[in-house]
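See below for the structure under consideration.
Rule-based calculations on the coordinates, nothing more; no lab input. Only a predicted model underlies this, so the values are computations on that prediction, with no experimental measurement involved. We place every Cβ from the backbone using ideal geometry, glycine too, and count neighbours over all the protein chains shown.
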Amino acid sequence: MITASDALIENQSEIKIPWGAVLILVLGAFISILDSSIVNVALPRMMAVFGASTENIQWVLTGYMLAAGVVIPISGYLCKRFGSKRIYILALVVFTLGSLFCGLAWSTNSIIIARIVQAVGGGMLMPVSMSMLYFMVPEEKSGIALGVWGIAAAMAPAIGPTLGGYLVDSFSWRWIFTINIPIGLLAMALSANYLKETPLNKELKPDLIGSLWIIIACFCLLLALSKGQDWGWSSQNIVTLFVISGFSAVLFFFWEASVPEPLFEMRLFKNPVMLASLAALAVVTILLFSVVFLVPIYAQNLLGYSSLQTGILMMPMALVTGLFMPISGKLFDKFGAFGISLLGLVILIGLTYQLRLLSLDTSYNDLQILLALRAGGIGLAMMPIANAGMLTVPESLVANASALNNLVRQISGSMGVAFTTYMVSRQQAFHLAAFSDNINYGSPATLPVVNQLQSYLASSGVAGDTTWSAAIELIRLQALKQSYMNGINDAIVVLTVIGLLGIPLLFMLTRRQITKQRQKEGILGTGSTVTSSMEI
């Protein structure tokens, strides 16, 4: 006898996913995120070529992040008004032209401007591709399709430094940009021929005032997060940016509630499942980007690895994340979001906590394995969390929800890096002060160490009258390294606590909560194909 569940499973197996179209969208999303991280390793080479200062060359990164962040909120309107396919191809054109201009740059200012052009296209590729995926893929298969698409979001930040280091060392720093040109042209041709246009509303009017407020809010917030450590978190500039951002955000919400055709409909912010999904996604993104930021600093500055060695160190982490993304999608389609996302988040939190044991003696292989295992948790948790919220959004709001989803990723990633930088810097100063109090000429342990170092330096050929100052300098450098190491360990503990905050949010992503919200939104179906008695 064939049960209802058997019939549903058989029907699900007959549903086809347009994999060709999905892979085209993955291609665009991947190169977009890749270019936000691949540039890091090339900055020293650019400084030498252009004679730029560290402060000026940082705008190559900051300009990209700001421009990408401010175009994300308006991508939803553009998709609904002009069609997602047109906007996706336009974004590819702008991104590819920006890459060409970057490769031809002749000065610091020219490459910063070219990066901003590149970011305008790159910033739209992620939300637009995600929006198109929900229109193209049947709901019953959205999990595995989004899991494949999510490979771009999870793998690109880790692959970027590896690929960038190889291109810079083997060819030229210009290759990290020009390599995008053939990929962009290929993606344009494939998109024009194989992607289908989404529904559009030619009568939809632009929400110019709402767009202005959200752009100001995002720009000021992202700029404050990126420059807080450099300018000082309590400096007038940073405080002013935060105040303007908060004020603009409040005005944005008041305005959106009063206009007939808002940029973001307030229904999105009244959806508890969507809000829980976004908050949990922010937690996972903070943990992802914080460690992707910390590991290269730890590996190169404290362990002495090269850029290429660091990239190879992080490669298994990226591959494991990419492997688990479609697996989690398949499990999501069968069992729902709660169980798999809880398992992934617990793995992520537990292995993040293990990172607190990192030291100046941690072996290359041990670190590589730990990062790879931790990446499995990211791969399991990220996609189900994001998809659970999107399933409760009516089709008419999918483009806006996709933009909001990607805006949260952008802001939370920046917040994670900014917060981690602040924590490490503050705790390093704390531990260095403690070392200074305990290691001094009056300490019983200090003088024997100095004498031993003097003997070693003298036997190594250092002039006798300089061994004392050389020994003191070695102790000072070791204290700096150890205090920085302790600062990283402290930051890891705080990141673990942030991860724990995500667990209660997952209880809003159960099958029962999703079904209840879908019914409230008037969405047909249950949002899943198989009912499991194990699901809460």
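Remarks
- Here the label points at MET266 and LEU212, each 7 Å from Cα along the C-beta direction, are separated by 2.2 nm in the simple model.
- Note on LYS481 and VAL243: their simple-model spin labels are 4.5 nm apart, each label 7 Å out from Cα toward Cβ.
- Pair-distance profile P(r), taking every C-alpha pair of the stretch 17-197, with 10 angstrom steps and integer %: 10, 39, 34, 14, 3, 0
- Size descriptor, Kirkwood hydrodynamic radius, that averages inverse alpha-carbon separations across the stretch 247-357, Å: 17.5
- Restricting attention to the chain, lysine pairs at least eight places apart or on different chains and with alpha-carbon atoms under 19 angstrom apart total 15.
- With q set to 0.15, 0.18, 0.21 Å⁻¹, the log10 of I(q)/I(0) for the stretch 98-213, from the Debye formula over equal scatterers at the Cα positions, is -0.94, -1.18, -1.31.
- Stokes-Einstein diffusion for the stretch 215-312, with the hydrodynamic radius set to the Kirkwood value over Cα pairs and evaluated at 10 °C in a medium of 1.306 mPa s, equals 95 µm²/s.
- Label-point gap, in nm, between GLU197 and PHE430 - each point 7 angstrom along Cα→Cβ: 5.8
- Rg/Rh ratio calculated on Cα atoms of the chain (Kirkwood radius): 1.01
- Exposed GluC sites (Glu not before Pro) absent - longest run of the chain, DSSP non-H/G/I/E/B, at most 13 other C-beta within 10 Å: 204-536
- Alpha carbon convex hull of the stretch 206-260, volume per residue in cubic angstrom: 55
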